[in-house]
Amino acid sequence: MFGGRARRRGSRGAAAVEFALVAPLLFLLLFGIISYGYMLSYRQALSQGAAEAARSAAVLTASATTTEKTTAAVSALNQSLNTYGVSCSITGGATTGNLVKNSTTVGTCSVGVYDCSSVSNASPTQTSATPDCIRVYVNHYYSSNPLVPSFPGLGLVLPANLAYTAVAQVS
């Protein structure tokens with residue numbers, strides 16, 4: 001009986017030491033799952049937002065102006081990204097703007113009305129009098145502007161940019 005007591009005293013604090021060794025790995029795994037999951041959710045919202053923006057501009061009447069189509073696309077994109085506190089700021093007759101979160105630029109966005117034959121080019125053109133495709137491009141510089149605070153080491157697995165292009169043909 002005396003020998004069992006001595007052994008118990010010697011193992012005091014072992015659980016605390018074991019927890020101190022395992023806790024950083026546990027927290028890294030936990031924060032990694034949360035950060036990566038949130039990024040994937042945001043990535044889906046960007047993709048869906050770009051597609052919805054292109055669709056909303058494409059379904060406007062044939063008499064709608066390019067500015068009206070751009071406004072409709074930006075409105076649909078902002079509605080999709082509103083949950084994340086991100087918005088596209090294209091104003092007036094412009095076709096390009098910035099993705100903004102809390103008045104900080106976190107990326108770029110553009111909405112253009114082009115000929116479908118050139119929309120896949122790096123710089124599409126509008127050669128006909130009646131353009132027939134809407135192109136929405138969204139690019140978030142995610143590595144330098146993550147939506148959740150970054151835990152040390154997670155930058156290695158998160159993407160540098162989240163970029164999406166959606167094209168819809170005007171009917």
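The values are calculated or read from the model by the stated rules, or taken from the named source; none is laboratory data. Remember, it's a predicted structure, so these values are computed and weren't measured experimentally. As a convention, Cβ positions derive from the backbone with ideal geometry for all residues, glycine included, and neighbour counts pool all protein chains shown.
Which of the residues that make up region 91-113 are over 15 Å from the mean Cα position of the chain (by Cα) and crowded, with 21+ Cβ neighbours inside 10 Å?
Those that are over 15 Å from the mean Cα position of the chain (by Cα) and crowded, with 21+ Cβ neighbours inside 10 Å: VAL111, GLY112, VAL113.
Specify which of the listed residues (PRO131, PRO152, PRO124, PRO146) is assigned to a loop (DSSP other than H, G, I, E, B) and either hydrophobic (A, V, I, L, M, F, W, C) or at pLDDT 85 or above (or both).
PRO146
Go over the candidates SER56, SER87 one by one and state the one that is closer than 20 Å to TYR141 by Cβ, among the small types (Gly, Ala, Ser) and surrounded by 15 or more Cβ atoms within 10 Å (Cβ to Cβ).
Just a single option satisfies the conditions, and that option is SER87.
Of the residues GLY32, GLY4, GLY13, GLY37, which single one is at positive phi and either at pLDDT 90 or above or out of contact with any Asp or Glu (no Cβ under 7 Å at 6 or more places or on another chain) (or both)?
GLY13
Check ALA45, ALA73, ALA62 and return the single one that is in contact (Cβ under 8 Å) with a residue 60 or more places away in the chain and part of a helix (DSSP H, G or I). Full working, then the answer.
Numbers: ALA45 fails: in contact (Cβ under 8 Å) with a residue 60 or more places away in the chain; ALA62 fails: part of a helix (DSSP H, G or I).
Exactly one residue qualifies, and that residue is ALA73.
Name the residues in region 140-171 that are free of Cβ contacts under 8 Å to residues at least 40 places away in the same chain and within 13 Å of SER47 (Cβ to Cβ), would you?
Answer for region 140-171, where residues must be free of Cβ contacts under 8 Å to residues at least 40 places away in the same chain and within 13 Å of SER47 (Cβ to Cβ): just ALA163.
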